[in-house]
Amino acid sequence: MNEIFRSSEIFRSREIFRSNERLRWRKMKRREVAETEALLRERETWYVAAGSRFLNRSCDVWTLRDTAGDLSSLLIYSKQTLMPVFRGRREIPPPKFLCGFFSAVPIHSVQGLRSETIVLENALKELGRLVAENIDFDLMHIDRPPDQRCHSAGPVNLILRKPQYTDMDALAALQAAYEQEEVLPKAAEFNAAVSRLNAQQILSREQILVAELGGRLVGKINTSALSFTRFQVGGVYVHPDFRGLGIGRRMAAEFIRSLIAQGRGVTLFVKKSNIPARKVYQRLGFQTLGDYRISYYE
């Protein structure tokens, strides 16, 4: 009887060990690519940016499996940003690899669903890394053309068009203003050269629409990511001197309509503090999916 008992205890101990082994973060292997893609597709609406980085192979991916051996969560690192894909889970084994990871590569920000970003914030706090600034957003989506009435907003002489390379100086000025007002953390220093490079990359790689009034570019909107079936929209900006005229609403309505006409849905995130913009998106027909957060580190 004692031998049977000891055998059962050994078996149980081995099973616990195997379970703990499964609950470890591991670098994605080639054979896991299809399974990882399926997980990202499953909840694509919430993880467009992560899906875009995965498709472009411009990221490092770590996987986590549950006790049954099924893929349950992902961590995606790209361009100094760490993106959690936890699918609503909050009880995640600490990613111990981050301790060594910090010594090799920088982490400038953590970005994703608020509850999941907080999980990573807590893990990084255990490593002595404290958040410099948190910015909270509404994560929103739309899958049908905006309300037709939005297309008539704005001044009658407003022109919406695709920019040309001859617009580069004006576009760079709008991008610089957008980054300083909406993107850069409080402690960050603005870099004009980097900002202009960002504008050039947007012009050459992304879909973009500009608003022209009286021969002057006064607004812009562009895509910032493309996943499996969805666009992510960003860079929405109207010059302060021309706000309150309906330009942003009409520009966004036309741009969103053109994206949906391509057979894809649209996702974006907007600062909770930016009440006018949130109202514009709600009038266009966007619905709120949940809370989104970007946590910046020094």
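With the structure loaded, tell me whether Gly154 is under 30 Å from Leu213 (Cα atoms), in a loop (DSSP other than H, G, I, E, B) and modelled with pLDDT under 95 or whether it fails that test. When the stated conditions are applied, Gly154 passes them. Being within 17 Å of the chain's Cα centre (by Cα) and surrounded by 15 or more Cβ atoms within 10 Å (Cβ to Cβ) holds for only one residue in Arg57, Arg65, Arg53, and it is Arg53. Cβ separations smaller than 6 Å between residues 6+ apart or across chains give the following pairs from segment 29-43 residues that are of a type in the set (Lys, Arg) to residues that are surrounded by 15 or more Cβ atoms within 10 Å (Cβ to Cβ) and not in a helix (DSSP H, G or I): Arg43/Arg87. Of all residues in segment 109-119, those satisfying the criterion of being assigned to a helix (DSSP H, G or I) and touching a residue at least 40 places away in the same chain (Cβ under 8 Å) are Arg114, Ser115, Thr117, Ile118. Kindly indicate the residue of segment 81-133 that is within 17 Å of the chain's Cα centre (by Cα) and of a type in the set (S, T, N, Q) and also nearest to Cys59 (Cα to Cα) among those meeting that condition. Of everything passing the filter in segment 81-133, Thr81 is nearest to Cys59 (Cα to Cα).
Residues of segment 246-272 that are in contact with a Gly (Cβ under 9 Å, 6 or more places away or on another chain), at pLDDT 95 or above and outside any helix (DSSP H, G or I): Leu268, Phe269.
Tell me, yes or no, whether segment 66-87 has at least one residue that is among the β-branched types (Val, Ile, Thr), within 26 Å of Gln262 (Cα to Cα) and in contact with a strand residue (DSSP E or B) (Cβ under 6 Å, 6 or more places away or on another chain). No, every residue in segment 66-87 fails to be among the β-branched types (Val, Ile, Thr), within 26 Å of Gln262 (Cα to Cα) and in contact with a strand residue (DSSP E or B) (Cβ under 6 Å, 6 or more places away or on another chain).
The values are calculated or read from the model by the stated rules, or taken from the named source; none is laboratory data. This one's a predicted model, so the numbers in the text were calculated from it and none came from an experiment. Neighbour counts are summed over all protein chains in view; Cβ atoms, including those assigned to glycine, are modelled from backbone coordinates with ideal geometry.
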